[in-house]
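First up is the structure itself, then whatever we jot down about it.
Where a number appears in this text, it was derived from the coordinates with a stated rule and is not lab data. Worth saying up front: this structure is predicted, and the values here are computed from it rather than measured. Don't worry about glycine lacking a Cβ; one is built from the backbone with ideal geometry, like all the others, and counts go over all protein chains shown.
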Amino acid sequence: MGDSHDGVLVVRVREPATDGRANQAVVEAVAAALGVPRRSVRITAGASSRRKVVEVQGDDVRLAESWERLMAD
């Protein structure tokens, strides 16, 4: 997991941007960081861009706690 800037999480992955491998790595990294299954994370915008928007489904309270922990690191 990378840094955060102005409430935006920066995720860095080593997978190449071919055949969706980098996108899958982003989904896996976000899921692991937030403690949710991979199926709970999906890229909603920017699938072919360096800047992505992801949607995470799960318990709002637990996600908020995980988010706050990430932003504090």
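Tabulated data for the structure shown
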quantity	calculated
For Ser66: the one exception among (1) among the hydroxyl-bearing types (Ser, Thr, Tyr); (2) touching a strand residue (DSSP E or B) at 6+ places or on another chain (Cβ under 7 Å); (3) assigned to a helix (DSSP H, G or I)	(2)
Of the criteria (1) over 12 Å from the mean Cα position of the chain (by Cα); (2) in a helix (DSSP H, G or I); (3) farther than 14 Å from Val8 by Cβ, which one Met71 fails	(3)
Single condition Thr44 does not satisfy, out of (1) assigned to a strand (DSSP E or B); (2) surrounded by 15 or more Cβ atoms within 10 Å (Cβ to Cβ); (3) not charged (D, E, K, R)	(2)
All positions within the stretch 13-41 that are surrounded by 13 or more Cβ atoms within 10 Å (Cβ to Cβ), not in a helix (DSSP H, G or I) and not hydrophobic (A, V, I, L, M, F, W, C)	Glu15, Gly20, Gly35
Ser49, sole failed condition from (1) within 21 Å of His5 (Cα to Cα); (2) under 12 Å from the mean Cα position of the chain (by Cα)	(2)
Cβ pairs under 7 Å, 6+ apart, first in the stretch 49-69 and loosely packed, with under 15 Cβ neighbours inside 10 Å, second part of a loop (DSSP other than H, G, I, E, B)	Val53/Gly46
